[in-house]
Amino acid sequence: MSADERRVAVLRAARVEFGLGGFSGTSTDAIARRVGVSQPYLFRLFPTKKAIFLATINDCFDRVELLFDEAAEGLTGEEALKAMGRAYKSLLDDKATLQVQLHMWATACHDDEVRELARRRVAALWAQATRLSGEDDQRIMQFLAAGMLLNVMAAMDLPRVREQLGEALTGLFERQP
């Protein structure tokens, strides 16, 4: 396995481990064990635990951006936002990604580096949604706020949330008259 392939494997393992324990509660040993490499090898790929956490956050945002690009391909306006919203709902099944996002927000409360990365990546997501849809800032804010609400609802594992998301929250993704 090449170093690039190991790096991908580390990020996949880190997503699970950081999702479970957050930055403070996750050991690099747990990540290394999950990947099947030694800690020294892990630190050849990433210089610090913080570097792994930041790379994991970037990887999660990269996945969302790719999902949005694919979902909105050939669409504009409300149709693009609806397609991106439907695609984002599929990520709610990826518990590790959801948990990393939640731990990122919690860590950003006290860590300047994580906070700055989160700001940059949310701004890029905002710009992407605007570019893909052509919608105004008010609509993009509603769209992203709906995504955050979905994250919180999924984190709480609300009863019947999976069955109701498609119908009960559709209005959050569509412009209201």
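Quick notes on this structure:
Listed here are the residues, each with its yes/no results for (1) outside any helix (DSSP H, G or I); (2) farther than 27 Å from SER90 by Cβ; (3) open to solvent by 60 Å² or more (accessible area, probe 1.4 Å); (4) touching a residue at least 12 places away in the same chain (Cβ under 8 Å).
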| residue | (1), (2), (3), (4) |
| --- | --- |
| PHE18 | no, no, no, yes |
| VAL37 | yes, yes, no, yes |
| PHE43 | no, yes, yes, yes |
| VAL64 | no, no, no, yes |
| PHE68 | no, no, no, yes |
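- Qualifying residue in the range 70-85 (condition: within 19 Å of LEU117 (Cβ to Cβ), within 20 Å of the chain's Cα centre (by Cα) and surrounded by fewer than 17 Cβ atoms within 10 Å (Cβ to Cβ)): no
- Annotation for the range 28-51: no member residue is within 28 Å of LEU132 (Cβ to Cβ) and in contact with a Ser or Thr (Cβ under 7 Å, 6 or more places away or on another chain).
- Residue match in the range 95-117 (condition: in contact with an Asp or Glu (Cβ under 8 Å, 6 or more places away or on another chain) and modelled with pLDDT of 95 or more): no
- The set of residues from the range 100-116 being in contact (Cβ under 8 Å) with a residue 24 or more places away in the chain and either crowded, with 19+ Cβ neighbours inside 10 Å or of a type in the set (Asp, Glu) (or both) comprises VAL100, GLN101, HIS103, MET104, THR107, ASP111, GLU113, VAL114.
The values are calculated or read from the model by the stated rules, or taken from the named source; none is laboratory data. It should be emphasised that the depicted structure is a prediction, and the values quoted were computed from it without experimental measurement. FYI the Cβ positions are ideal-geometry reconstructions off the backbone, even for glycines, and counts take in every protein chain you see. The accessibility values were calculated without ligands, DNA or RNA, using every heavy atom of the protein model including side chains. Shrake-Rupley method; radii C 1.70, N 1.55, O 1.52, S 1.80 Å.
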